[in-house]
1. Tally time: how many residues in segment 137-153 are over 30 Å from Asp252 (Cβ atoms) and either outside any loop (DSSP other than H, G, I, E, B) or open to solvent by less than 10 Å² (accessible area, probe 1.4 Å) (or both)?
2. Do the conditions hold for Ala25, that is, is it under 20 Å from Ser141 (Cβ atoms), buried (at least 24 other Cβ atoms within 10 Å of the Cβ) and not charged (D, E, K, R)?
3. Would you check if Ser242 is of a type in the set (S, T, N, Q), touching a residue at least 24 places away in the same chain (Cβ under 8 Å) and closer than 26 Å to Gly11 by Cα?
4. Has segment 222-244 got at least one residue that is within 23 Å of Val86 (Cβ to Cβ) and part of a loop (DSSP other than H, G, I, E, B)?
5. Would you pick out the residues in segment 364-401 that are at pLDDT below 80 and of a type in the set (S, T, N, Q)?
6. Just a yes or no: is a residue in segment 262-281 charged (D, E, K, R) and part of a helix (DSSP H, G or I)?
7. So is Gln60 open to solvent by less than 40 Å² (accessible area, probe 1.4 Å) and either more than 30 Å from Lys329 (Cβ to Cβ) or touching a helix residue (DSSP H, G or I) at 6+ places or on another chain (Cβ under 7 Å) (or both) or not?
8. Being out of contact with any helix residue (DSSP H, G or I) (no Cβ under 7 Å at 6 or more places or on another chain), in contact (Cβ under 8 Å) with a residue 60 or more places away in the chain and not hydroxyl-bearing (Ser, Thr, Tyr) narrows it down to one of Arg251, Arg265, so name that one.
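The values are calculated or read from the model by the stated rules, or taken from the named source; none is laboratory data. This is a predicted model, so every value here is computed, not measured. Ideal geometry is used to build each Cβ from the backbone, glycine not excepted, and the neighbour counts take in all protein chains shown. Only protein heavy atoms, including side chains, enter the accessible area calculation; ligands, DNA and RNA are left aside. Shrake-Rupley method; radii C 1.70, N 1.55, O 1.52, S 1.80 Å.
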Amino acid sequence: MKKVVLAYSGGLDTTYCAIYLSKVAGLEVHAVTIQTGGFSDEELKNIEARAWTLGVTSYQVVDVTRDYYENCIRYLVFGNVLKNAVYPLSVSAERMVQAIAVARCARDMNADYVAHGSTGAGNDQVRFDMVFQSMIPGIPSITPIRDMRLSREAEISFLKEHGVEMNFEKAKYSINKGLWGTSVGGKETLTSNEYLPESAWPTQVTETEPRHIELVFDEGELRGVDGQEFSHPVLAIQYLQSIAQPYGIGRDIHVGDTIIGIKGRVGFEAAAPMIIIKAHHLLEKHTLTKWQLYWKDQLGNWYGNWLHEGMMLDPTMRNIEKFLQDTQKTVTGKVLVTLEPRRFTVTGIVSAHDLMNNQFGSYGEMNNSWTGDDVKGFAKIFGNQVGIYHSVNPVIGQARD
């Protein structure tokens with residue numbers, strides 16, 4: 001029998017693929033779950049148990065959580081990346097790391113095929129296919145959901161016919177957990193006007209009292225949360241998530257333009273990512289110069305968009321990562337945050353690198369490093385070109401009055 005490596009999460013789509021590839025296509029299915037920090041040990045055990053009931057030949061978990069952070073998430077933090085100023089790329093970034101890990105498995109196992117459960121109307125199909133095209137060009141991809149244009153209802157019907165037992169009511173929502181947030185898709189996100197019901201969110205709101213916490217950054221990376229220091233930023237992110245998610249913080253629905261040209265909606269909950277990005281951004285505002293911030297905004301936005309569109313392997317991304325990392329040398333300090341139900345406030349920072357230093361002047365009040373005559377001369381020279389323009393073109397200038 002020919003071997004196929006299946007990117008397997010245990011959800012509806014990949015469960016369908018496991019059954020279809022073994023029972024219908026007659027292939028030897030080797031299921032691989034890529035752990036990116038979203039699954040607990042218990043969840044991984046349940047996923048494995050289900051995989052064996054589906055008739056797979058082998059099953060393995062590949063933990064890439066720290067690689068995910070080192071090679072991707074930290075640059076999203078350095079770039080303060082929020083797609084359309086809303087979405088922290090919870091799935092976009094994760095899918096690239098998963099695809100790379102699956103490609104390595106397929107190559108190491110000398111597989112005849114590689115398979116994934118992407119649909120034909122989303123971004124993931126492009127992300128997986130482009131990574132496979134670059135890393136394993138000689139191994140064909142199989143995508144049953146996309147190729148047969150299956151609806152979730154059709155998948156559920158097929159699985160019931162094959163005696164698969166799972167929570168099909170829950171399966172009406174597509175939930176993807178990772179270190180950088182959880183996405184939620186369902187019938188409401190297929191509309192333009194409906195919001196996800198409370199029951200659809202993976203984490204329910206249980207915390208109601210405000211809580212003040214302190215985040216510690218070292219050269220742009222989160223190293224401490226609320227008095228606790230962590231040996232690796234992944235641990236700090238997970239701890240912050242455990243504190244903040246029960247407040248219902250970081251919930252939203254992202255409306256975006258897909259790689260294939262249509263618009264789509266996806267719900268997400270990402271308490272830790274949203275807090276980290278906003279806290280990090282405030283610390284940067286205090287510790288970086290105006291033009292460092294300007295160019296970071298330009299390149300960070302481009303980096304996030306290119307990653308979202310599946311271009312993680314583009315060498316240009318490595319160039320931008322070097323720039324982003326270089327800007328973080330002074331982004332060290334504490335950020336104060338207040339957590340409340342469904343919202344948070346970044347209240348201030350404390351840093352030895354704070355450029356908002358009253359030694360040089362207090363905004364709107366006192367100047368300690370220059371005189372009034374200095375400012376008069378500066379304003380005269382700085383506005384000289386505009387003044388010349390209006391002197392030469394008085395009629396045009398009057399038209400603006």
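1. To start, the set of residues in segment 137-153 that are over 30 Å from Asp252 (Cβ atoms) comprises 137-142, 144, 147-148.
Now drop any that are not either outside any loop (DSSP other than H, G, I, E, B) or open to solvent by less than 10 Å² (accessible area, probe 1.4 Å) (or both), which leaves 141-142, 144, 147.
Residues flagged as over 30 Å from Asp252 (Cβ atoms) and either outside any loop (DSSP other than H, G, I, E, B) or open to solvent by less than 10 Å² (accessible area, probe 1.4 Å) (or both) within segment 137-153 amount to 4.
2. Values: under 20 Å from Ser141 (Cβ atoms): yes; buried (at least 24 other Cβ atoms within 10 Å of the Cβ): no; not charged (D, E, K, R): yes.
Here the answer is no, as Ala25 does not meet what is asked.
3. On the way: of a type in the set (S, T, N, Q): yes; touching a residue at least 24 places away in the same chain (Cβ under 8 Å): no; closer than 26 Å to Gly11 by Cα: yes.
In short, no.
4. no
5. Result: Asn367, Asn368, Ser369, Gln398.
6. We begin by selecting, within segment 262-281, every residue charged (D, E, K, R); these are 263, 265, 269, 278.
Subsequent filtering for residues that are part of a helix (DSSP H, G or I) retains 278.
Looking for residues that are charged (D, E, K, R) and part of a helix (DSSP H, G or I), one finds at least one in segment 262-281, hence yes.
7. Details: open to solvent by less than 40 Å² (accessible area, probe 1.4 Å): no; either more than 30 Å from Lys329 (Cβ to Cβ) or touching a helix residue (DSSP H, G or I) at 6+ places or on another chain (Cβ under 7 Å) (or both): yes.
Spelling it out, it is not the case that Gln60 is open to solvent by less than 40 Å² (accessible area, probe 1.4 Å) and either more than 30 Å from Lys329 (Cβ to Cβ) or touching a helix residue (DSSP H, G or I) at 6+ places or on another chain (Cβ under 7 Å) (or both).
8. Numbers: Arg265 fails: out of contact with any helix residue (DSSP H, G or I) (no Cβ under 7 Å at 6 or more places or on another chain).
When all the criteria are applied, what remains is Arg251.
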